[in-house]
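Since the structure comes first, as structure tokens, the remarks are kept for the end.
Values quoted throughout were computed directly from the atomic coordinates according to the rules given, and no laboratory measurement underlies them. Keep in mind that what you see is a predicted model, and the values were worked out from it rather than measured. Here the Cβ is made from the backbone with ideal geometry for all residues, glycine too, and neighbour counts use every protein chain on show.
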Amino acid sequence: MKSQSFINEFLKSPVKVGSVIQSSKILARTMAHQINGSLDVVEFGAGMGSVTEHILRRLPPNGRLICFEINSKFCEHLMTIDDPRLTVINDGAENCHKYVGRLECVVSGLPLALFSKTKRQEILDISSKSRRFIQFQYSLVLKDTIKEHFSDVRIKFVPLNFPPAFVFVCTSSGKQTS
Ligand SMILES: C[S@@+](CC[C@H](N)C(=O)[O-])C[C@H]1O[C@@H](n2cnc3c(N)ncnc32)[C@H](O)[C@@H]1O
């Protein structure tokens with residue numbers, strides 16, 4: 001069962017997995033809605049694909065989604081999603097430059113608040129090179145840190161998730177979100 005497998009992986013590595021259960025459908029839909037017509041989407045920390053599936057529903061037919069996930073069990077599951085637009089890479093988001101050139105849109109479920117300051121900075125530096133960065137968090141503690149990396153940051157509250165979540169929608173270079 002999908003949710004039991006997720007819990008098992010959380011119990012093995014709570015800090016790396018960062019959440020005991022997967023994102024709710026409403027949180028996944030809210031995140032995916034924000035790709036806003038992007039053709040090339042990269043997902044960091046795809047887990048077992050709760051957000052991935054919703055991104056694929058929103059992605060244009062000629063779009064491409066590349067998922068980075070460090071947990072090999074989660075990757076095995078992601079690889080069962082039958083969609084030619086999807087590529088799954090069992091490697092850390094911090095290594096994405098080895099596989100992807102320009103980042104257009106990044107959707108992230110990474111547990112940024114649990115990362116070391118250095119690793120968090122690294123991920124935000126990489127992500128700030130994208131046109132659009134969509135990240136969920138369970139609190140607003142990183143609000144100022146995230147704002148340092150983007151010219152425009154909007155926050156959407158999603159109460160129907162456990163725990164309730166905030167979706168950060170970030171753009172750089174004066175580009176606006178909808
Ligand atoms: C909170 S879970 C989110 C899973 C899924 N996106 C969701 O919303 O249900 C965070 C995920 O990030 C993955 N992760 C942690 N550090 C990572 C890294 N450096 N690169 C890629 N994935 C990472 C974990 O294995 C886990 O699957």
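In terms of modelled amide H atoms, which long-range or inter-chain residues lie less than 5 Å from the amide H of GLU43?
ILE66, CYS67, PHE68, VAL107
As a check on your grasp of the helix formula, calculate [θ] at 222 nm for the chain: sum -39500 (n - 2.57) over DSSP H runs of n ≥ 4, divide by the residue count, round to the nearest 500.
Using -39500 (n - 2.57) per qualifying helix, the result is -8500 deg cm²/dmol.
Holding the Cα-Cα limit at 18 Å, pick out from LYS12/LYS73; LYS25/LYS129; LYS16/LYS129; LYS2/LYS73 the pairs that are longer than that.
Flagged as over cut-off: LYS25/LYS129; LYS16/LYS129.
For the range 69-108, what class follows from the C-alpha gyration tensor (a ≥ b ≥ c being the square roots of its eigenvalues): rounded when a/c is under 1.5, otherwise prolate if a/b is larger than b/c, else oblate?
Here the range 69-108 falls in the oblate category.
Among 112-118, 46-52, what's the highest-first ranking by average C-beta atoms within 10 angstrom per residue?
In decreasing order of mean packing, 112-118, 46-52 become 46-52, 112-118.
How would you rank 119-126, 7-14, highest first, on the average number of other Cβ atoms within 10 Å across their residues?
119-126, 7-14
For MET79 and LYS129, what does the FRET efficiency come to when R0 = 22 Å and r is the distance between their Cβ atoms, rounded to the nearest 0.05?
0.20
Give me, ordered by chain and number, the residues 5 or more places off ARG85 or on other chains with an amide H under 5 Å from its own placed amide H.
none
Tally Lys/Arg at +1 and Asp/Glu at -1 over every other residue whose Cβ is under 10 Å from the Cβ of ARG102; what's the total?
With Lys, Arg at +1 and Asp, Glu at -1, the neighbours total 0.
By its C-alpha gyration tensor, with a ≥ b ≥ c as the square roots of the eigenvalues, how is the range 106-161 shaped: rounded for a/c under 1.5, else prolate for a/b larger than b/c, else oblate?
oblate
If you average the sequence gap of Cα pairs under 8 Å that are 6 or more apart and divide by the length of the range 16-171, what percent do you get for the contact order?
Relative contact order for the range 16-171 comes out at 24 percent.
If a/c stays under 1.5 just call it rounded; otherwise compare a/b with b/c (prolate if a/b is bigger, oblate if not). Do that for the chain, with a ≥ b ≥ c from the square roots of the Cα gyration tensor eigenvalues.
Cα axes put the chain in the rounded bin.
How much of the DSSP bridge set in the chain is antiparallel, in percent, rounded to the nearest 5?
45
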